[in-house]
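Notes follow the structure.
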Amino acid sequence: MSQLNRRDLLATTIAAVSFPSISLSERATEIMWEDLIPPGVPYAEIIGEGELDEASDYWRPIYDDNGAKVNDLLDGAYIRMPGYIIPLEMTSEGVTEFVLVPYVGACIHTPPPPANQLVFVHSKEPWPDTDLWAAVWVSGRMSTESLSTEVADTGYSLVADHMELYEWE
């Protein structure tokens with residue numbers, strides 16, 4: 001086994017300090033919405049018939065227990081997934097907390113999807129409020145922490161360290 005001399009040690013230290021993102025970077029696993037459902041749970045079994053409030057002309061789906069089940073394999077995973085933003089907290093710089101949803105308008109004009117199809121996101125960098133209707137990619141550390149927000153109950157939480165517009169191919 002060879003020993004490092006002072007010059008090699010100094011060069012290695014400078015390289016590690018100069019390029020921390022290269023030495024410490026982690027590649028996000030790309031997932032899609034169906035990956036949030038636990039293996040072996042068919043999506044068709046999540047949504048029941050629902051109930052209709054005829055007085056207010058409003059239909060609310062009833063989800064069975066499968067709607068709250070999460071994919072434990074995603075707990076602690078560093079992921080990248082697409083979706084749409086339903087803002088919860090905003091600053092003058094943009095959105096800092098939001099619910100990531102699978103389709104435009106989920107939770108706003110329609111009943112919310114089941115909890116295992118919603119992700120509460122805290123973004124380290126505010127997302128500009130000029131792009132709220134655009135599809136986005138969100139990357140960060142996922143947890144199977146359930147939260148109740150003013151728009152819906154979520155089955156997942158994510159601390160986003162990177163966001164970008166979704167480019168349609």
Do we find a residue being touching a Cys at 6+ places or on another chain (Cβ under 7 Å), among the aliphatic types (A, V, I, L, M) and under 30 Å from S56 (Cβ atoms) anywhere in region 89-102?
yes
Report whether or not T91 is open to solvent by less than 60 Å² (accessible area, probe 1.4 Å), at pLDDT below 95 and among the polar types (S, T, N, Q).
no
Among the residues of region 73-82, are any without any contact (Cβ under 8 Å) to a residue 40 or more places away in the chain and part of a strand (DSSP E or B)?
no
For region 88-124, enumerate the residues that are over 15 Å from H162 (Cα atoms), in contact with a helix residue (DSSP H, G or I) (Cβ under 7 Å, 6 or more places away or on another chain) and part of a strand (DSSP E or B).
M90
Selection count where residues are polar (S, T, N, Q), closer than 23 Å to V70 by Cβ and at pLDDT below 95, scope region 118-169:
3
In region 53-76, the residues that are closer than 20 Å to D153 by Cα, open to solvent by 30 Å² or more (accessible area, probe 1.4 Å) and at pLDDT below 80:
Y58, W59, R60, I62, Y63, D64
Residue in region 116-128 that is surrounded by fewer than 20 Cβ atoms within 10 Å (Cβ to Cβ) and β-branched (V, I, T) present
no
Is it the case, given these coordinates, that T96 is more than 17 Å from S157 (Cβ to Cβ), surrounded by fewer than 22 Cβ atoms within 10 Å (Cβ to Cβ) and free of Cβ contacts under 8 Å to residues at least 60 places away in the same chain?
no
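The values are calculated or read from the model by the stated rules, or taken from the named source; none is laboratory data. The model shown is predicted, which means the values in this text are computed figures rather than measured ones. Reconstructed Cβ throughout: ideal geometry from the backbone, glycine too, with neighbour counts over all protein chains shown. All accessible areas refer to the heavy atoms of the entire protein, side chains included, with ligands and DNA or RNA removed. Shrake-Rupley method; radii C 1.70, N 1.55, O 1.52, S 1.80 Å.
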